[in-house]
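The block underneath contains the structure these notes are about, expressed in structure tokens.
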Amino acid sequence: MQTQAVVTERKSIAACTLWSLAGCGIGAVVAGIIGWFLTMNMAPQMEDPAESLEGVLILGLFLVGAGAGAGLGLALKKRRVPLIALGGAFGFIIGIIIAFIVSQPIFLLIPPELTHGVDITAPMAVLMFAIRGGIFGAFGGAVLGLMLRGWKGAGYLALAGAIAGLVVVPIMIYSGEIFPQSLPMMTFMFILGMVFAAVAMGAALGAALGYLERARAGKQSQIS
């Protein structure tokens, strides 16, 4: 009986992780495909073609958030999957807006010699992207957790999202800087980084929800 419970717990964690990973990954791939065609068509008409990647990022956040919500909702076999997906989409978008608002004053207080002007490869600029990623991940995770498992779920997924965001957002941003002279290569590498970041974020959120489900199952088995 105990062995069967352990197997069930492992399946719960694996299922949540895989569903969330798949949802985020699909969202990022779809955003990447749409973003590629939009960038290739619109960027030549822009003063700074690299700015077109901002649109890819926003679209990616929306679809990845929706994918995360759909994946986690399906993992728990929720009936309101579309609503959870919508909450995830707007949670990710609002999260990145909050991250920019909160971090911008801090960034302005940093001496220019530490940021080297607009040089995003400066150490303090890397730290700033990590902070923004952590804030964005925490908010997006909290929204999903709240919709799925109340305040306790919000805490678990906020922590997972924050840790993942700290790591993956700088990787995503800098992946687009590998080939700065070639717009097609810069766009491709940015999209590749976005897919990696989405998959990593999905895995982190899914594992956190799976762990929470395992803890709930354990408590219920002790009561019964």
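Structure above, values below:
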item: Segment 19-110 - charge dipole about Cα centre, Lys and Arg +1 at Cβ, Asp and Glu -1, debye rounded to 20; result: 780 debye
item: Protection proxy ranking, peptides 33-42, 93-102, average beta carbon neighbours within 10 Å, highest first; result: 93-102, 33-42
item: FRET efficiency for MET42 and ARG79, using Cβ-Cβ distance with R0 set to 35 Å, rounded to 0.05; result: 0.35
item: Projected area averaged over orientations for segment 132-224, convex hull of C-alpha atoms, nm²; result: 6.2 nm²
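Quick note: the coordinates plus some simple rules give every number you see, no bench work behind them. This one's a predicted model, so the numbers in the text were calculated from it and none came from an experiment. Backbone-built Cβ (ideal geometry, glycine too); neighbour counts: all protein chains shown.
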